[in-house]
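Since the structure comes first, as C-alpha coordinates, the remarks are kept for the end.
The values are calculated or read from the model by the stated rules, or taken from the named source; none is laboratory data. Please read all numbers here as calculations on a predicted model, not as lab measurements. All Cβ positions, even for glycine, are placed from backbone atoms using ideal geometry, and neighbour counts span all protein chains on display.
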Amino acid sequence: MALSRIAEEIKASGTIKINAKIRDMAQEGISVIGFGMGEPDFDTPKNITAAAVRAIEDGFTRYTPTPGIPELREAICEKLWRDNGLQYAPTQVAVSIGAKQAIHNLLLVLSDGGDEVIIPSPYWVSYPEQVKMAGATPVFIHTSDETEFKITPESLKKAITPRTKVFIINSPGNPTGVVYTEKELRALAGIAVEKGIYVISDEIYEKIIYDGIKHVSPASFGDEFMKKVITVNGFSKAYAMTGWRLGYAAGPEKIIKAAIRLQDHTTSCANSIAQRAAVEALRGDQTPVRLMVEEFDKRRRYMVERLEKLEGISCTMPAGAFYVFPNVSGLYQRAVAGTDVSNSTELVEILINKAKVAFVPGVCFGADDYIRISFATDMAQIEEGMDRLEALLTSREGML
Ligand SMILES: Cc1ncc(COP(=O)(O)O)c(C=O)c1O
(Lines give C-alpha, C1' and ligand atoms only; values in the text may rest on other atoms or scores of the structure.)
Protein backbone atom coordinates (compact mmCIF):
# COMPACT_ATOMS: atom_id res chain seq x y z
CA MET A 1 0.00 0.00 0.00
CA ALA A 2 1.46 3.39 -0.99
CA LEU A 3 1.92 6.09 1.61
CA SER A 4 0.22 9.45 1.26
CA ARG A 5 1.22 12.07 -1.29
CA ILE A 6 2.66 14.20 1.50
CA ALA A 7 4.70 11.33 2.93
CA GLU A 8 6.23 10.73 -0.51
CA GLU A 9 6.89 14.41 -1.21
CA ILE A 10 8.36 15.69 2.04
CA LYS A 11 12.15 15.60 2.25
CA ALA A 12 14.06 14.71 5.41
CA SER A 13 15.63 17.74 7.07
CA GLY A 14 19.28 18.00 5.95
CA THR A 15 20.35 19.62 9.20
CA ILE A 16 18.79 16.92 11.35
CA LYS A 17 20.42 14.24 9.14
CA ILE A 18 23.92 15.71 9.65
CA ASN A 19 23.49 15.83 13.41
CA ALA A 20 22.33 12.20 13.43
CA LYS A 21 25.47 11.23 11.45
CA ILE A 22 27.69 13.03 14.01
CA ARG A 23 25.98 11.13 16.83
CA ASP A 24 26.45 7.81 15.01
CA MET A 25 30.17 8.51 14.48
CA ALA A 26 30.55 9.54 18.13
CA GLN A 27 29.06 6.18 19.15
CA GLU A 28 31.76 4.49 17.09
CA GLY A 29 34.32 6.52 19.06
CA ILE A 30 35.11 8.95 16.22
CA SER A 31 35.26 12.56 17.37
CA VAL A 32 33.67 14.84 14.81
CA ILE A 33 33.45 18.58 15.31
CA GLY A 34 29.90 19.49 14.43
CA PHE A 35 29.01 22.79 12.80
CA GLY A 36 25.51 21.72 11.88
CA MET A 37 23.70 23.04 14.90
CA GLY A 38 20.88 25.51 14.51
CA GLU A 39 20.80 26.35 18.18
CA PRO A 40 22.82 28.47 20.61
CA ASP A 41 25.40 26.51 22.60
CA PHE A 42 24.54 28.67 25.63
CA ASP A 43 22.34 27.51 28.49
CA THR A 44 18.92 29.06 29.00
CA PRO A 45 19.48 32.02 31.37
CA LYS A 46 19.01 31.19 35.05
CA ASN A 47 16.14 33.63 35.71
CA ILE A 48 14.15 31.80 33.01
CA THR A 49 14.83 28.28 34.28
CA ALA A 50 13.98 29.49 37.82
CA ALA A 51 10.58 30.69 36.58
CA ALA A 52 9.96 27.22 35.13
CA VAL A 53 10.90 25.54 38.41
CA ARG A 54 8.46 27.83 40.22
CA ALA A 55 5.74 26.92 37.71
CA ILE A 56 6.26 23.20 38.41
CA GLU A 57 6.31 23.74 42.17
CA ASP A 58 3.11 25.80 41.89
CA GLY A 59 1.49 22.87 40.08
CA PHE A 60 1.12 24.86 36.87
CA THR A 61 0.99 21.64 34.91
CA ARG A 62 -2.34 21.56 33.14
CA TYR A 63 -3.61 22.44 29.67
CA THR A 64 -3.68 26.17 29.04
CA PRO A 65 -5.89 27.97 26.51
CA THR A 66 -4.71 27.00 22.99
CA PRO A 67 -3.32 30.47 22.09
CA GLY A 68 -1.37 30.71 25.35
CA ILE A 69 -1.83 31.96 28.90
CA PRO A 70 -3.15 35.55 29.05
CA GLU A 71 0.00 36.71 30.86
CA LEU A 72 2.24 35.49 28.05
CA ARG A 73 0.06 36.93 25.29
CA GLU A 74 0.23 40.26 27.13
CA ALA A 75 4.00 40.02 27.60
CA ILE A 76 4.35 39.34 23.86
CA CYS A 77 2.24 42.44 23.06
CA GLU A 78 4.48 44.50 25.36
CA LYS A 79 7.56 43.11 23.61
CA LEU A 80 6.22 43.78 20.13
CA TRP A 81 5.44 47.36 21.10
CA ARG A 82 8.71 47.97 22.97
CA ASP A 83 11.08 46.38 20.45
CA ASN A 84 9.23 46.64 17.17
CA GLY A 85 6.74 49.50 17.45
CA LEU A 86 3.89 47.08 16.76
CA GLN A 87 0.58 47.60 18.51
CA TYR A 88 -1.28 44.32 18.89
CA ALA A 89 -4.01 43.22 21.28
CA PRO A 90 -3.53 39.86 23.05
CA THR A 91 -6.30 38.43 20.82
CA GLN A 92 -4.00 39.06 17.86
CA VAL A 93 -1.27 36.82 19.27
CA ALA A 94 -1.12 33.01 19.21
CA VAL A 95 1.53 31.03 21.06
CA SER A 96 2.66 27.81 19.37
CA ILE A 97 5.13 24.98 19.77
CA GLY A 98 8.06 26.85 18.28
CA ALA A 99 8.06 29.38 15.48
CA LYS A 100 8.05 26.26 13.32
CA GLN A 101 4.46 25.45 14.29
CA ALA A 102 3.44 29.10 14.05
CA ILE A 103 4.62 29.21 10.41
CA HIS A 104 3.03 25.87 9.62
CA ASN A 105 -0.31 27.04 11.04
CA LEU A 106 -0.13 30.24 9.00
CA LEU A 107 0.68 28.46 5.75
CA LEU A 108 -2.28 26.12 6.30
CA VAL A 109 -4.55 29.04 7.07
CA LEU A 110 -3.41 31.28 4.21
CA SER A 111 -2.79 28.97 1.26
CA ASP A 112 -4.66 26.26 -0.63
CA GLY A 113 -3.91 23.78 -3.39
CA GLY A 114 -2.93 25.70 -6.51
CA ASP A 115 -1.67 28.72 -4.58
CA GLU A 116 1.94 29.84 -4.79
CA VAL A 117 4.16 30.90 -1.91
CA ILE A 118 7.26 32.97 -2.70
CA ILE A 119 10.42 32.00 -0.84
CA PRO A 120 13.77 33.80 -1.27
CA SER A 121 16.54 31.24 -1.76
CA PRO A 122 18.76 30.15 0.01
CA TYR A 123 15.98 29.42 2.47
CA TRP A 124 15.36 27.79 5.84
CA VAL A 125 14.87 24.07 5.17
CA SER A 126 11.31 23.86 6.48
CA TYR A 127 9.65 26.58 4.37
CA PRO A 128 9.30 24.60 1.12
CA GLU A 129 8.25 21.43 2.92
CA GLN A 130 5.62 23.26 4.98
CA VAL A 131 4.29 24.95 1.83
CA LYS A 132 3.95 21.53 0.20
CA MET A 133 2.19 20.16 3.29
CA ALA A 134 -0.37 22.95 2.82
CA GLY A 135 -0.88 21.70 -0.75
CA ALA A 136 0.57 24.91 -2.20
CA THR A 137 3.60 25.36 -4.45
CA PRO A 138 6.87 26.98 -3.37
CA VAL A 139 8.24 29.53 -5.83
CA PHE A 140 11.89 30.44 -5.27
CA ILE A 141 13.70 33.68 -5.97
CA HIS A 142 17.36 32.76 -6.29
CA THR A 143 20.07 34.98 -4.86
CA SER A 144 23.83 34.62 -4.46
CA ASP A 145 26.73 35.96 -2.44
CA GLU A 146 27.39 38.43 -5.27
CA THR A 147 24.26 40.35 -4.24
CA GLU A 148 24.65 39.67 -0.48
CA PHE A 149 21.86 37.06 -0.83
CA LYS A 150 19.24 39.79 -1.23
CA ILE A 151 16.21 39.66 -3.45
CA THR A 152 15.22 42.92 -5.16
CA PRO A 153 11.87 44.60 -5.88
CA GLU A 154 12.37 43.60 -9.53
CA SER A 155 13.00 39.94 -8.75
CA LEU A 156 9.99 39.87 -6.42
CA LYS A 157 7.71 41.45 -9.02
CA LYS A 158 8.87 38.88 -11.58
CA ALA A 159 8.03 35.99 -9.23
CA ILE A 160 4.48 37.20 -8.53
CA THR A 161 1.67 35.56 -10.51
CA PRO A 162 -2.13 35.69 -10.09
CA ARG A 163 -1.77 32.58 -7.91
CA THR A 164 0.69 34.12 -5.42
CA LYS A 165 -0.85 34.09 -1.97
CA VAL A 166 2.03 34.44 0.47
CA PHE A 167 5.55 35.87 0.48
CA ILE A 168 7.92 34.67 3.22
CA ILE A 169 10.68 37.02 4.35
CA ASN A 170 13.30 36.01 6.90
CA SER A 171 15.55 38.80 8.14
CA PRO A 172 18.00 38.18 9.78
CA GLY A 173 18.04 35.07 7.66
CA ASN A 174 19.03 31.45 7.98
CA PRO A 175 21.31 30.17 6.37
CA THR A 176 22.97 33.29 4.91
CA GLY A 177 22.81 35.81 7.77
CA VAL A 178 21.27 38.33 5.37
CA VAL A 179 19.73 41.41 7.01
CA TYR A 180 17.59 43.70 4.88
CA THR A 181 17.63 47.44 5.52
CA GLU A 182 14.45 49.27 6.45
CA LYS A 183 14.31 50.78 2.97
CA GLU A 184 14.65 47.39 1.30
CA LEU A 185 12.00 45.81 3.54
CA ARG A 186 9.64 48.70 2.89
CA ALA A 187 10.02 48.26 -0.84
CA LEU A 188 9.60 44.46 -0.77
CA ALA A 189 6.72 44.27 1.70
CA GLY A 190 5.16 47.28 -0.06
CA ILE A 191 4.98 45.36 -3.34
CA ALA A 192 3.32 42.38 -1.65
CA VAL A 193 0.84 44.54 0.26
CA GLU A 194 -0.08 46.49 -2.86
CA LYS A 195 -0.83 43.23 -4.68
CA GLY A 196 -2.88 41.87 -1.78
CA ILE A 197 -0.32 39.17 -0.94
CA TYR A 198 0.18 38.09 2.68
CA VAL A 199 3.66 38.44 4.13
CA ILE A 200 4.96 36.02 6.75
CA SER A 201 7.84 37.86 8.41
CA ASP A 202 9.97 35.29 10.23
CA GLU A 203 11.90 37.34 12.79
CA ILE A 204 13.25 34.50 14.91
CA TYR A 205 16.85 35.84 14.62
CA GLU A 206 15.82 39.40 15.45
CA LYS A 207 18.12 39.67 18.47
CA ILE A 208 21.11 38.04 16.80
CA ILE A 209 22.27 40.93 14.72
CA TYR A 210 25.68 42.65 14.49
CA ASP A 211 27.49 45.93 13.84
CA GLY A 212 24.81 47.99 15.56
CA ILE A 213 22.23 47.29 12.84
CA LYS A 214 18.67 47.75 14.06
CA HIS A 215 16.12 45.08 13.28
CA VAL A 216 12.94 46.37 11.63
CA SER A 217 9.54 44.65 11.47
CA PRO A 218 7.71 45.12 8.15
CA ALA A 219 4.33 45.19 9.93
CA SER A 220 5.40 48.49 11.52
CA PHE A 221 5.35 50.37 8.19
CA GLY A 222 1.70 51.41 8.49
CA ASP A 223 -1.93 50.30 8.67
CA GLU A 224 -1.94 48.60 5.28
CA PHE A 225 1.07 46.54 6.36
CA MET A 226 -0.60 45.59 9.66
CA LYS A 227 -3.46 44.07 7.62
CA LYS A 228 -1.24 41.87 5.49
CA VAL A 229 1.94 41.12 7.44
CA ILE A 230 2.01 38.40 10.08
CA THR A 231 5.01 38.62 12.40
CA VAL A 232 6.51 35.35 13.61
CA ASN A 233 9.02 35.17 16.43
CA GLY A 234 10.01 32.86 19.27
CA PHE A 235 12.26 32.07 22.18
CA SER A 236 14.61 29.44 20.73
CA LYS A 237 17.40 31.64 19.44
CA ALA A 238 17.34 34.86 21.52
CA TYR A 239 16.93 33.09 24.87
CA ALA A 240 18.67 29.80 24.05
CA MET A 241 15.37 27.96 24.59
CA THR A 242 15.29 25.57 21.62
CA GLY A 243 14.19 22.56 23.65
CA TRP A 244 11.38 24.45 25.36
CA ARG A 245 9.56 24.66 22.01
CA LEU A 246 7.85 28.01 22.12
CA GLY A 247 7.12 30.57 19.42
CA TYR A 248 4.32 32.87 18.35
CA ALA A 249 2.56 34.69 15.54
CA ALA A 250 0.97 38.13 15.68
CA GLY A 251 -1.29 39.56 13.02
CA PRO A 252 -4.86 40.32 11.96
CA GLU A 253 -7.34 38.74 14.36
CA LYS A 254 -9.15 36.77 11.67
CA ILE A 255 -5.94 35.00 10.66
CA ILE A 256 -4.78 34.41 14.22
CA LYS A 257 -8.19 33.02 15.21
CA ALA A 258 -8.10 30.61 12.27
CA ALA A 259 -4.58 29.51 13.26
CA ILE A 260 -5.83 28.87 16.81
CA ARG A 261 -8.80 26.81 15.53
CA LEU A 262 -6.37 24.68 13.61
CA GLN A 263 -3.99 24.30 16.54
CA ASP A 264 -6.99 23.29 18.72
CA HIS A 265 -7.08 20.06 16.72
CA THR A 266 -3.38 19.37 16.37
CA THR A 267 -1.41 20.08 19.52
CA SER A 268 -3.73 22.47 21.43
CA CYS A 269 -1.64 24.58 23.82
CA ALA A 270 2.13 24.81 24.07
CA ASN A 271 3.78 23.51 27.24
CA SER A 272 2.38 25.29 30.31
CA ILE A 273 5.70 25.43 32.18
CA ALA A 274 7.57 26.79 29.17
CA GLN A 275 4.93 29.51 28.85
CA ARG A 276 5.55 30.73 32.39
CA ALA A 277 9.29 30.71 31.70
CA ALA A 278 8.71 32.69 28.50
CA VAL A 279 6.98 35.47 30.44
CA GLU A 280 10.18 35.81 32.46
CA ALA A 281 12.29 35.72 29.28
CA LEU A 282 10.41 38.71 27.88
CA ARG A 283 10.00 40.73 31.06
CA GLY A 284 13.22 39.81 32.88
CA ASP A 285 16.83 40.96 32.53
CA GLN A 286 17.98 41.06 28.89
CA THR A 287 21.72 41.10 29.70
CA PRO A 288 22.28 37.40 28.80
CA VAL A 289 21.01 38.09 25.26
CA ARG A 290 23.53 40.91 24.81
CA LEU A 291 26.40 38.82 26.17
CA MET A 292 25.53 35.90 23.91
CA VAL A 293 25.45 38.14 20.83
CA GLU A 294 28.81 39.69 21.77
CA GLU A 295 30.32 36.22 21.90
CA PHE A 296 28.71 35.23 18.57
CA ASP A 297 30.17 38.38 17.03
CA LYS A 298 33.74 37.38 17.97
CA ARG A 299 33.26 33.90 16.54
CA ARG A 300 31.71 35.25 13.36
CA ARG A 301 34.72 37.46 12.63
CA TYR A 302 37.20 34.73 13.48
CA MET A 303 35.49 32.18 11.26
CA VAL A 304 35.18 34.45 8.24
CA GLU A 305 38.86 35.41 8.58
CA ARG A 306 39.95 31.77 8.67
CA LEU A 307 37.72 30.73 5.76
CA GLU A 308 38.74 33.65 3.57
CA LYS A 309 42.36 32.44 3.75
CA LEU A 310 41.49 29.11 2.16
CA GLU A 311 41.93 28.75 -1.57
CA GLY A 312 38.69 27.83 -3.31
CA ILE A 313 36.49 29.26 -0.56
CA SER A 314 35.05 32.76 -0.34
CA CYS A 315 32.92 33.95 2.51
CA THR A 316 30.79 37.05 3.02
CA MET A 317 30.40 38.44 6.53
CA PRO A 318 26.92 37.59 7.84
CA ALA A 319 25.07 40.58 9.35
CA GLY A 320 22.83 38.45 11.55
CA ALA A 321 22.01 34.93 12.85
CA PHE A 322 24.80 32.49 13.77
CA TYR A 323 25.83 30.96 10.47
CA VAL A 324 28.37 31.65 7.79
CA PHE A 325 27.49 30.51 4.30
CA PRO A 326 30.73 30.34 2.30
CA ASN A 327 30.84 29.78 -1.41
CA VAL A 328 32.81 26.55 -1.90
CA SER A 329 32.28 26.11 -5.62
CA GLY A 330 35.98 26.92 -6.13
CA LEU A 331 36.67 23.45 -4.71
CA TYR A 332 34.45 21.72 -7.25
CA GLN A 333 36.91 21.95 -10.13
CA ARG A 334 39.44 19.77 -8.35
CA ALA A 335 39.81 16.68 -6.23
CA VAL A 336 39.61 17.11 -2.48
CA ALA A 337 41.52 14.51 -0.45
CA GLY A 338 42.01 12.53 -3.65
CA THR A 339 38.32 12.39 -4.57
CA ASP A 340 36.58 14.42 -7.26
CA VAL A 341 34.06 16.77 -5.80
CA SER A 342 31.27 18.30 -7.83
CA ASN A 343 28.64 19.39 -5.31
CA SER A 344 28.03 20.38 -1.69
CA THR A 345 26.83 16.94 -0.61
CA GLU A 346 30.01 15.25 -1.85
CA LEU A 347 32.19 17.93 -0.28
CA VAL A 348 30.49 17.64 3.11
CA GLU A 349 30.79 13.86 2.95
CA ILE A 350 34.56 14.07 2.33
CA LEU A 351 35.09 16.69 5.02
CA ILE A 352 33.24 14.63 7.58
CA ASN A 353 35.10 11.44 6.71
CA LYS A 354 38.62 12.83 6.16
CA ALA A 355 38.81 15.98 8.30
CA LYS A 356 36.21 14.94 10.92
CA VAL A 357 34.36 18.23 10.64
CA ALA A 358 30.66 18.36 9.87
CA PHE A 359 28.94 21.12 7.89
CA VAL A 360 25.55 21.21 6.21
CA PRO A 361 25.49 20.99 2.40
CA GLY A 362 24.13 24.16 0.79
CA VAL A 363 21.83 22.07 -1.37
CA CYS A 364 19.61 21.57 1.71
CA PHE A 365 18.92 25.31 1.55
CA GLY A 366 18.55 25.40 -2.23
CA ALA A 367 22.13 26.54 -2.97
CA ASP A 368 24.57 23.84 -4.03
CA ASP A 369 27.60 26.17 -4.35
CA TYR A 370 27.71 26.73 -0.58
CA ILE A 371 27.94 25.01 2.78
CA ARG A 372 26.44 26.23 6.03
CA ILE A 373 28.70 26.52 9.05
CA SER A 374 27.10 27.34 12.38
CA PHE A 375 29.20 29.28 14.87
CA ALA A 376 26.89 28.38 17.73
CA THR A 377 29.68 26.26 19.12
CA ASP A 378 32.45 27.33 21.47
CA MET A 379 35.62 29.06 20.34
CA ALA A 380 37.92 26.11 21.14
CA GLN A 381 35.82 23.85 18.89
CA ILE A 382 35.74 26.49 16.18
CA GLU A 383 39.53 26.85 16.26
CA GLU A 384 40.03 23.08 16.15
CA GLY A 385 37.44 22.69 13.38
CA MET A 386 39.02 25.42 11.24
CA ASP A 387 42.47 23.89 11.85
CA ARG A 388 41.21 20.51 10.67
CA LEU A 389 39.60 22.01 7.58
CA GLU A 390 42.70 24.02 6.74
CA ALA A 391 44.99 21.03 7.30
CA LEU A 392 42.99 18.90 4.90
CA LEU A 393 42.66 21.53 2.20
CA THR A 394 46.29 22.62 2.32
CA SER A 395 47.90 19.18 2.74
CA ARG A 396 49.44 17.44 -0.24
CA GLU A 397 46.70 14.80 -0.12
CA GLY A 398 44.04 17.49 0.42
CA MET A 399 44.21 19.01 -2.99
CA LEU A 400 45.08 16.54 -5.68
C1 LIG B 1 14.56 30.77 10.01
C2 LIG B 1 13.97 29.93 11.08
N3 LIG B 1 12.66 30.05 11.37
C4 LIG B 1 12.08 29.32 12.32
C5 LIG B 1 12.80 28.40 13.06
C6 LIG B 1 12.07 27.59 14.09
O7 LIG B 1 12.39 27.89 15.36
P8 LIG B 1 11.61 27.26 16.60
O9 LIG B 1 10.57 26.34 16.07
O10 LIG B 1 12.63 26.56 17.41
O11 LIG B 1 11.00 28.43 17.31
C12 LIG B 1 14.16 28.23 12.80
C13 LIG B 1 14.95 27.22 13.55
O14 LIG B 1 15.98 26.78 13.15
C15 LIG B 1 14.77 29.02 11.80
O16 LIG B 1 16.07 28.90 11.52
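Could you check the stretch 322-346 and list, in sequence order, the residues that are buried (at least 21 other Cβ atoms within 10 Å of the Cβ), in contact with a Pro (Cβ under 7 Å, 6 or more places away or on another chain) and assigned to a helix (DSSP H, G or I)?
Selection gives 344 alone.
Within the set of pairs 6 or more residues apart or between chains, which connect a residue that is without any contact (Cβ under 8 Å) to a residue 12 or more places away in the chain inside the stretch 15-36 to a residue that is more than 16 Å from the ligand (Cβ to nearest atom) with Cβ atoms less than 8 Å apart?
Every condition considered, the pairs that remain are 26/32.
Does residue 294 satisfy being under 21 Å from the mean Cα position of the chain (by Cα) and of a type in the set (Asp, Glu)? Please lay out each step first, then the result.
On the way: under 21 Å from the mean Cα position of the chain (by Cα): yes; of a type in the set (Asp, Glu): yes.
In short, yes.
Could you tell me which of the residues 363, 304 is hydrophobic (A, V, I, L, M, F, W, C), in contact (Cβ under 8 Å) with a residue 12 or more places away in the chain, in contact with a helix residue (DSSP H, G or I) (Cβ under 8 Å, 6 or more places away or on another chain) and not in a strand (DSSP E or B)?
Numbers: 304 fails: in contact with a helix residue (DSSP H, G or I) (Cβ under 8 Å, 6 or more places away or on another chain).
Selected residue: 363, the only one of 363, 304 that is hydrophobic (A, V, I, L, M, F, W, C), in contact (Cβ under 8 Å) with a residue 12 or more places away in the chain, in contact with a helix residue (DSSP H, G or I) (Cβ under 8 Å, 6 or more places away or on another chain) and not in a strand (DSSP E or B).
Taking into account only those residues within the stretch 62-86 that are free of Cβ contacts under 8 Å to residues at least 60 places away in the same chain and out of contact with any strand residue (DSSP E or B) (no Cβ under 9 Å at 6 or more places or on another chain), which is farthest from residue 227 (Cα to Cα)?
So, considering only residues that are free of Cβ contacts under 8 Å to residues at least 60 places away in the same chain and out of contact with any strand residue (DSSP E or B) (no Cβ under 9 Å at 6 or more places or on another chain), the one farthest from residue 227 (Cα to Cα) is 70.
Looking for whichever is more than 16 Å from the ligand (Cβ to nearest atom) and under 25 Å from residue 39 (Cβ atoms) here; the options are 115, 83. Which one fits?
After applying the criteria, what remains is 83.
From 102, 94, 89, which residue is touching a helix residue (DSSP H, G or I) at 6+ places or on another chain (Cβ under 9 Å), surrounded by fewer than 20 Cβ atoms within 10 Å (Cβ to Cβ), more than 13 Å from residue 281 (Cβ to Cβ) and of a type outside the set (D, E, K, R)? Don't jump to the end; show me each part of the working.
On the way: 102 fails: surrounded by fewer than 20 Cβ atoms within 10 Å (Cβ to Cβ); 94 fails: surrounded by fewer than 20 Cβ atoms within 10 Å (Cβ to Cβ).
Only one candidate passes the filter, namely 89.
So is residue 109 over 19 Å from the mean Cα position of the chain (by Cα), of a type outside the set (Asp, Glu) and within 16 Å of the ligand (Cβ to nearest atom) or not?
no
For every residue, the table says whether it meets (1) among the hydrophobic types (A, V, I, L, M, F, W, C); (2) outside the structural domain of residue 77 (by TED's automatic domain parsing); (3) within 16 Å of the ligand (Cβ to nearest atom).
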residue	(1), (2), (3)
238	yes, no, yes
243	no, no, yes
246	yes, no, yes
249	yes, no, yes
255	yes, no, no
263	no, no, yes
268	no, no, no
278	yes, no, yes
295	no, yes, no
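Looking at (1) surrounded by 18 or more Cβ atoms within 10 Å (Cβ to Cβ); (2) of a type outside the set (A, V, I, L, M); (3) at pLDDT below 95, find the lone condition where residue 296 falls short.
For residue 296, the failing item is (3).
Is there a residue in the stretch 140-156 that is within 13 Å of the ligand (Cβ to nearest atom) and either over 15 Å from residue 118 (Cβ atoms) or buried (at least 23 other Cβ atoms within 10 Å of the Cβ) (or both)?
no
What are the residues in the stretch 231-262 that are crowded, with 24+ Cβ neighbours inside 10 Å and either of a type in the set (S, T, N, Q) or more than 22 Å from residue 166 (Cβ to Cβ) (or both), if any?
231, 233, 235, 237, 239, 241, 244, 246
Taking interchain pairs and intrachain pairs at least six residues apart, which have beta carbon atoms under 7 angstrom, with the first residue in the stretch 240-253 and under 22 Å from residue 293 (Cβ atoms) and in contact (Cβ under 8 Å) with a residue 40 or more places away in the chain and the second among the acidic types (Asp, Glu) and within 11 Å of the ligand (Cβ to nearest atom)?
242/39
On the basis of being in a strand (DSSP E or B) and modelled with pLDDT of 90 or more, does residue 388 make the cut?
Here the answer is no, as residue 388 does not meet what is asked.
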